[in-house]
Every structure is written in structure tokens, then in C-alpha cells.
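First the structure, in the form of C-alpha cells, and then the observations on it.
The values are calculated or read from the model by the stated rules, or taken from the named source; none is laboratory data. None of the values given here were measured: they were computed from a predicted structure. Heads up, the Cβs are rebuilt from the backbone with ideal geometry, glycines too, and the neighbour counts pull from every protein chain shown.
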Amino acid sequence: MPRTFEEFPVGLRLTSRSQTVSAEEMIEFARRYDPQPFHLDDEAAGQTIFKGLAASGWHTAAATMRLLVDSDIKPAGGIVGAGFDELRWPRPVRPGDQLRVESEILEVRPSRSRPDQGLIKVRTTTLNQNDEAVQVTVGNLVVPRRPT
């Protein structure tokens, strides 16, 4: 069920299913959007700081978005972003990694200019199968308020 602003208390934690990232999808994404050697070719990537094929950070961000959409966060009106305060990729995603997302509500505040909306600040951590963070974001979402 979609959640209104009032249904996102500070401290609420939500998780997603997991998704395996294949070398083929990493390369396909990189060819289209981030064509750098460490995202395209394992041998070439071995000669870089990554020491092997690594997913584009933007691929990780896109996979995270998909996992969020499929998760239990479900804000009414969809996941409508108002911007990020933080975006980090502390470790690369490798072929075969299984990603999942954990989200925690950090802050909630009613909109000053739009009384029918509120803003929630969410830390979203994308983890691999070893529970290592591969992406951390702190973002702000616009969420409709419960009708009065």
C-alpha cells in the first residue's frame, strides 16, 4: 500500500529484494552510458585501479532505483526526488554481485509552501552479498500528506 507522509516515522527501516548483476548487463550499460575501459573489458579493467571489471556508478544508481521501486518504501505518488545531500560509491560492483537496498528515514518535515506535501530525508544503502556498502545516498523525497 502506498504510504502518506504521516506513515514515515523517523527511524523506519525498509529493505528490498536482491538482484544479481551480470557482466553482460554491466557492459551493456557502460557501452550506452559510461564507455570507459574499466566498465567495458575485464582485461583492460585489470590494468586500472579497479583490478577487474567494475560496474559504472550510474549503473549501480539505476539498479538501486529499481530495487527501491520494488521495495516496501512505496510513497504515495511514487518515489519523487527533491535532490541528494550525499552520493557515494565506497566499493565497486563486480559481475555476479547480489545487490539489495536498505533504507532508513532520517528526517521528516511538512512542506512550508505546500501544505498537502511533506519531505522525508532517506539514507539508502545498497549492499552486496557480503553486506558491504557499494552505494550510499542521502536523498530527499516529496511525499503527499494525508488529506485533512
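Per-residue answers, yes or no, for (1) touching a Lys or Arg at 6+ places or on another chain (Cβ under 6 Å); (2) not polar (S, T, N, Q):
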| residue | (1), (2) |
| --- | --- |
| 6 | yes, yes |
| 17 | no, yes |
| 25 | no, yes |
| 39 | no, yes |
| 55 | no, yes |
| 60 | no, no |
| 71 | no, no |
| 84 | no, yes |
| 93 | no, yes |
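For segment 21-35, a residue qualifies if it is free of Cβ contacts under 8 Å to residues at least 60 places away in the same chain and either loosely packed, with under 14 Cβ neighbours inside 10 Å or in contact with a Phe, Trp or Tyr (Cβ under 7 Å, 6 or more places away or on another chain) (or both), and the qualifying residues are 24, 28, 31, 32, 33, 34, 35.
What do you reckon, is residue 61 touching a residue at least 12 places away in the same chain (Cβ under 8 Å) and either within 19 Å of residue 13 (Cα to Cα) or touching a Leu at 6+ places or on another chain (Cβ under 8 Å) (or both)? Criteria met by residue 61.
Whenever a residue of segment 113-138 is within 20 Å of residue 84 (Cα to Cα), its partners that are in a loop (DSSP other than H, G, I, E, B) and charged (D, E, K, R), lying with C-beta atoms within less than 8 angstrom and at least six residues away or across chains, give the pairs 117/145; 118/145; 133/91; 134/91; 134/97. All conditions but one from (1) modelled with pLDDT of 95 or more; (2) within 21 Å of the chain's Cα centre (by Cα); (3) closer than 30 Å to residue 145 by Cα; (4) not small (Gly, Ala, Ser) apply to residue 29; the one that does not is (3).
Given the structure, is residue 2 over 15 Å from residue 134 (Cα atoms) and loosely packed, with under 13 Cβ neighbours inside 10 Å? So residue 2 fits the description; yes. Among the numbered conditions (1) surrounded by 14 or more Cβ atoms within 10 Å (Cβ to Cβ); (2) of a type in the set (Lys, Arg); (3) at pLDDT 95 or above, the only one that residue 51 does not meet is (1).
Within segment 50-84, the set of residues being out of contact with any strand residue (DSSP E or B) (no Cβ under 9 Å at 6 or more places or on another chain) and farther than 30 Å from residue 5 by Cβ comprises 50, 51, 52, 53, 54, 56, 59. Criterion first (crowded, with 17+ Cβ neighbours inside 10 Å, modelled with pLDDT of 95 or more and either basic (Lys, Arg) or more than 20 Å from residue 83 (Cα to Cα) (or both)) does residue 39 satisfy it? Here the answer is yes, as residue 39 does meet what is asked.
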